[in-house]
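Notes for the one structure printed next.
The values are calculated or read from the model by the stated rules, or taken from the named source; none is laboratory data. Every value quoted in this text rests on a predicted model; they were computed, and no experiment measured them. Positions of Cβ are backbone-derived with ideal geometry, glycine not excepted, and every protein chain shown enters the neighbour counts. Heavy atoms of the whole protein, side chains included, go into the accessibility calculation; ligands, DNA and RNA do not. Shrake-Rupley method; radii C 1.70, N 1.55, O 1.52, S 1.80 Å.
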Amino acid sequence: MRPIIDVSAFQGSIDWKKVKNNVEAVIIRLGYRGYGTGKIVYDDKYKANRRGCEENGIPFSLYFFPASITEEEAKEEADFIIQEAKGMKFVLPIFLDSEYAEGSGKGRSDQLSKADRTRFLKVICDRLQANGIPAGIYASTSWIKSRLTVSKLPYSWWVAQWADSLSYTGDWLLWQYTSKGSVPGI
């Protein structure tokens with residue numbers, strides 16, 4: 001099986017014709033809520049990456065980095081995702097990337113309690129699913145254990161653990177086993 005990859009502005013310009021025959025699917029970063037400003041923005045390469053997948057017949061899904069600190073913000077994030085997901089064929093869930101927004105842990109949502117972080121993710125996922133969009137959560141094994149209440153988040157899981165084997169024992173759909181992978185075209 002070919003790999004499923006995730007891409008964002010950090011990969012720069014991508015040659016999607018070269019990528020096409022080397023991946024099973026792509027998960028594109030749609031955008032994020034700014035960790036300082038609180039403003040929802042598109043990933044700088046979202047439109048180009050989506051167009052590249054669409055033009056080359058590459059199955060794709062999306063991910064979004066939420067930084068909501070209220071239920072209203074969580075609903076706003078969900079609505080942003082719903083608007084972009086109109087007309088999509090869902091080969092994978094749309095994932096919410098749950099991790100520190102900023103390395104120092106000083107992002108606007110970085111210090112949320114486990115209960116609040118779980119609640120806001122649930123608000124977004126429930127709203128997506130109520131609109132026919134399969135929802136999932138991306139997080140590292142340590143983040144899942146320390147920052148989320150898995151039993152309250154009955155969605156697909158994309159687990160990050162950069163190792164030869166996965167120690168996470170819960171249900172999962174995808175395992176991100178490296179941050180150093182590459183395929184032709186990227």
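In region 67-100, which residues are buried (at least 22 other Cβ atoms within 10 Å of the Cβ), small (Gly, Ala, Ser) and within 15 Å of Tyr42 (Cα to Cα)? Selection gives Ala67, Ala78. Applying the condition of being open to solvent by 70 Å² or more (accessible area, probe 1.4 Å) and β-branched (Val, Ile, Thr) to region 165-186 and asking which residue is nearest to Ile28 (Cα to Cα) yields Ile186. Of the listed requirements (1) crowded, with 21+ Cβ neighbours inside 10 Å; (2) part of a helix (DSSP H, G or I), Ser109 misses just one: (2). The set of residues in region 13-26 that are more than 19 Å from Thr178 (Cα to Cα) and touching a residue at least 24 places away in the same chain (Cβ under 8 Å) comprises Ser13, Ile14, Asp15, Trp16, Lys17, Lys18, Lys20.
Per-residue answers, yes or no, for (1) out of contact with any Lys or Arg (no Cβ under 8 Å at 6 or more places or on another chain); (2) farther than 19 Å from Phe10 by Cβ:
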| site | (1), (2) |
| --- | --- |
| Gly52 | yes, no |
| Lys86 | yes, yes |
| Gln111 | yes, yes |
| Lys122 | no, yes |
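Among the residues of region 120-135, the ones that are among the hydrophobic types (A, V, I, L, M, F, W, C), more than 11 Å from Ser156 (Cβ to Cβ) and assigned to a helix (DSSP H, G or I) come to 6 in all.
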